[in-house]
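To keep things clear, I will list the structure first and then write my remarks on it.
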Amino acid sequence: MKLIACLTTAILLISLSSHAASPYMSISVAEDLQFTDENCLNTSETVLTQNGFTQINRATGSPTLFASVSDSKNYGFKALVRCFSKAGIINVVVVSEDRSKILSKADTLRQQIQTQLTGNPQTAVEPANTSPVAPATVKSPTTSALPTTVVILYSMQSQPNAIDNAQRLIAKGFDASVYWGTNNLNIVAVTASNKSQANALRTQLINQGLAQSDAFVADNSRLQYRIFPTGKTSPTTLISNFDNSGFAFADTTGSRLLALGELNAPDKITTALCEGNRLLPVSYVQLQSGNNNRNSLRDIAQNFNNQRGELFLIAEGNTRPDSTCLLLNDNDKLALGTQQPIMMGVYADCERAIIQRLTQQRQRAINQCWHLANVGKNGQIVVAEFQRQNNEMLASIIYVSPTNLIFQDYLANYNQSSCWRIDDSCKFDPGGFHIYSVFQSAQALYLILTWDGAEGQNAMLLKASNALFEAVKQGYRYWAQ
């Protein structure tokens with residue numbers, strides 16, 4: 001199952017948090033389909049209406065429907081349908097306070113939507129159905145049939161907190177054929193029937209690159225979920241080229257963001273990754289026309305209102321005024337994978353062992369090496385200036401792990417006034433680099449950073465490819481007087 005379902009679940013749970021009773025939740029996912037967002041939304045609206053949902057609303061700037069059926073006693077059912085045309089995925093989530101009504105509801109709605117869109121109700125993420133049209137017979141799970149072990153694949157929390165959050169979420173809902181759980185704290189739980197099976201699954205997922213090496217197993221007698229149904233034991237992973245993402249800078253209050261350059265679909269942007277490893281929810285406002293008479297052409301907070309560009313509002317919290325952020329839509333955010341904990345350094349000298357590894361790898365002596373950050377349990381980010389060879393200058397940002405060295409090289413020709421940056425006097429300054437975040441997906445490591453100079457700032461989203469980083473998204477802020 002694609003991890004897009006995780007985000008949908010979190011959104012719906014948040015929207016229902018005002019109800020006193022704990023709701024039950026049913027989730028159904030279709031994948032590998034072909035449709036347009038508009039066709040999917042129209043079809044879903046028709047199906048919801050046919051099933052008695054009277055209050056149906058489309059989310060602004062998102063291919064999402066919210067619907068409800070109310071009665072005299074409580075809110076009855078609430079449903080969310082989300083269409084991801086580029087990924088070929090449809091998510092249907094149904095929530096109710098009545099457990100007896102919920103078991104097959106999401107599957108029924110999803111199958112009807114899928115049938116009208118494609119003519120086939122079956123999907124790769126549900127068990128095979130012998131009938132080509134009729135939904136599978138649903139049986140309520142018995143306590144003895146429920147799995148008893150959880151594997152926490154990804155977590156930025158301590159193990160006790162991760163287990164506790166997974167248990168509390170898992171106790172709230174279930175689906176007729178797929179038991180799984182997640183929340184917005186980067187936890188994905190996969191279940192098995194016993195600890196031996198869980199350990200084997202953990203090893204398999206790590207070997208496939210679908211889980212990190214620190215994934216752990218925990219006993220949980222209340223567990224009611226498994227993320228992969230019978231016959232499918234490997235999740236697929238979302239891949240993105242980040243065409244719809246872009247960098248932005250903040251105003252003087254840190255509450256608004258203005259995109260640097262054009263965005264393909266600004267209304268799809270939902271998240272800003274800002275300094276300090278922070279992911280902030282944002283909403284698209286409009287295209288700001290700017291003021292040409294007062295525009296200094298500098299991408300700084302004091303000139304924010306005069307610049308033309310796509311305008312966004314940070315929905316919760318704010319960032320440092322005049323700082324830079326990376327704008328992401330839901331697909332791109334998920335494609336980055338798991339956000340890694342970061343502890344920033346103080347530009348101390350690199351460890352001698354690291355200098356020796358870098359020198360051996362590049363067969364080139366090092367003038368100086370600085371430590372920028374610790375990443376996760378065993379990773380580091382350093383910046384090194386290598387010795388000049390004739391007129392060739394070389395500096396590199398390097399991700400260092402016990403087994404890997406990944407380089408982002410910056411080449412320059414020797415010039416007394418400017419080498420790497422304008423007016424840098426050919427002296428490399430590590431203080432210009434700011435590490436924003438590191439993500440690890442099943443395919444690659446991602447590094448987001450900025451590099452300041454006298455004339456402006458380069459912002460980069462880098463993707464590891466073997467022993468080198470490649471830039472998949474770049475932005476530039478001009479701020480010279």
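Among Lys78/Lys268; Lys86/Lys268; Lys78/Lys333; Lys105/Lys333; Lys377/Lys427; Lys105/Lys268, which pairs are too far apart, with a Cα-Cα distance over 21 Å?
With Cα atoms farther than 21 Å apart: Lys78/Lys268; Lys78/Lys333; Lys105/Lys333; Lys377/Lys427; Lys105/Lys268.
Please state the shape class of the stretch 309-387: rounded when a/c is under 1.5, otherwise prolate if a/b exceeds b/c and oblate if not, all from the C-alpha gyration tensor.
Prolate shape, in that a/c is at least 1.5 and a/b is the bigger ratio.
Can you sort Tyr446, Tyr476 from fewest to most other Cβ atoms within 10 Å of each residue's own Cβ?
Values: Tyr446 23, Tyr476 14.
With the fewest neighbours first, Tyr446, Tyr476 line up as Tyr476, Tyr446.
Give me the mean projected area, in nm² to one decimal, of the convex hull enclosing the Cα positions of the stretch 338-478.
8.3 nm²
Can you sort Val400, Val95, Val472 from fewest to most other Cβ atoms within 10 Å of each residue's own Cβ?
Values: Val400 21, Val95 27, Val472 18.
Lowest count first: Val472, Val400, Val95.
Test of understanding: ordering Glu310, Glu316 by Cβ neighbours within 10 Å, fewest first, what list do you get?
Listed from fewest to most nearby Cβ atoms, that is Glu316, Glu310.
A short reminder: the numbers here are calculations on the coordinates, not readings from a lab. It should be emphasised that the depicted structure is a prediction, and the values quoted were computed from it without experimental measurement. Ideal geometry is used to build each Cβ from the backbone, glycine not excepted, and the neighbour counts take in all protein chains shown.
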